[in-house]
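The structure appears below as structure tokens.
Read-outs throughout are calculated quantities, based only on the coordinates presented, and are distinct from any laboratory measurement. Treat the numbers as computed from the prediction; the structure is a model and nothing was measured. Don't worry about glycine lacking a Cβ; one is built from the backbone with ideal geometry, like all the others, and counts go over all protein chains shown.
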Amino acid sequence: MTKSIAMNKTWHKYASVIIDGMTQWTTRLPHFRRIPKHLDSKDFLDVHNMGSMIENVGRFMDFNYANFKDDANFLVNVLHRDILRIQEHRRNGDGENSYPMPEVLYVQLDNVSTNKSKLMLAYAAWLVHTDVFRKVKLNFLLVGHTHENIDQMFSRFSVRLRRKQAWTLDEMIEVAQECFTDGVTCEHTEKIFDFSSWFDGHVFDCQHPG
């Protein structure tokens, strides 16, 4: 039996999530095909776009205003939302029977300090402690490398956006949905959890022995 066949027969035991963020200046509002010369950067509203690819579940683009700080707590919220998507997908199953939750979760992130925070490690440990998963493996790309699949998704959206004008976030999300006919779910993140405060007092300092 080949390794690929063995993996196909045990696919339900594993879940894989890739998370990355899009360059923010691309999604500022209002968005013009040609920016008027009299406008300055302070005249625009920052919008963040986080992309997720969940194996056997789908691709997602989550938009939010800059009222949420782009920090470790926000990233944990993105992963938490993706896990809820996995749960919903497994619960729905094939329409008649539900699928069990995977035993192992693989998470792939950029190799930056925010992604390797104590909060992210605490959240991963909590997922194991509460039996959501038996194991959570955090993988970080080598410095200088990027998530090619998500970058391709962002590039496709960026090309489409250059030809459009968008005055509101709803209009920008509509542009994103128009350029993907193969099932990319686009949503507006309006609220997040304060995991930082929730884990406060339960996370110990940890440093690399080197």
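If the chain between Ser158 and Thr189 were fully stretched, how many nm would it gain, using 0.36 nm times the residue separation less the Cα-Cα distance?
Details: separation 31, 0.36 × 31 = 11.16 nm, distance 1.97 nm.
Net length gain for the segment: 9.2 nm.
Quote the relative contact order of the chain in percent (integer), defining contacts as alpha-carbon pairs under 8 Å separated by 6+ residues. Walk me through the numbers on the way to the answer.
Details: 285 pairs, mean separation 57.3, N = 210.
This gives 27 percent for the chain.
Mind ranking 12-20, 91-99, 151-159 by how tightly packed they are, going by the mean number of other C-beta atoms within 10 angstrom, highest first? Can you show the working numbers first?
Numbers: 12-20: 19.2, 91-99: 9.7, 151-159: 15.8.
With the highest mean Cβ count within 10 Å placed first, the list reads 12-20, 151-159, 91-99.
What is the distance, in nm, between label points placed 7 Å from the Cα along the Cα-to-Cβ direction at Gln165 and at Phe180?
2.6 nm
Going by how many other Cβ atoms sit within 10 Å of their own, how do Leu109, Leu161 line up, fewest first?
Values: Leu109 21, Leu161 18.
So the residues, fewest neighbours to most, are Leu161, Leu109.
For the chain, what is the calculated [θ] at 222 nm in deg cm²/dmol (nearest 500), taking -39500 (n - 2.57) for each run of four or more DSSP H residues and dividing by its residue count? Numbers along the way, then the final one.
Details: 6 runs with 69 residues, N = 210.
Result for the chain, helices only: -10000 deg cm²/dmol.
Using 23 Å as the Cα-Cα cut-off, could you pick out the over-long pairs in Lys42/Lys164; Lys69/Lys137; Lys42/Lys116; Lys69/Lys116; Lys42/Lys69; Lys37/Lys164?
On the way: Lys42/Lys164 21 Å; Lys69/Lys137 25 Å; Lys42/Lys116 31 Å; Lys69/Lys116 17 Å; Lys42/Lys69 18 Å; Lys37/Lys164 18 Å.
Checking Cα-Cα distances, Lys69/Lys137; Lys42/Lys116 exceed 23 Å.
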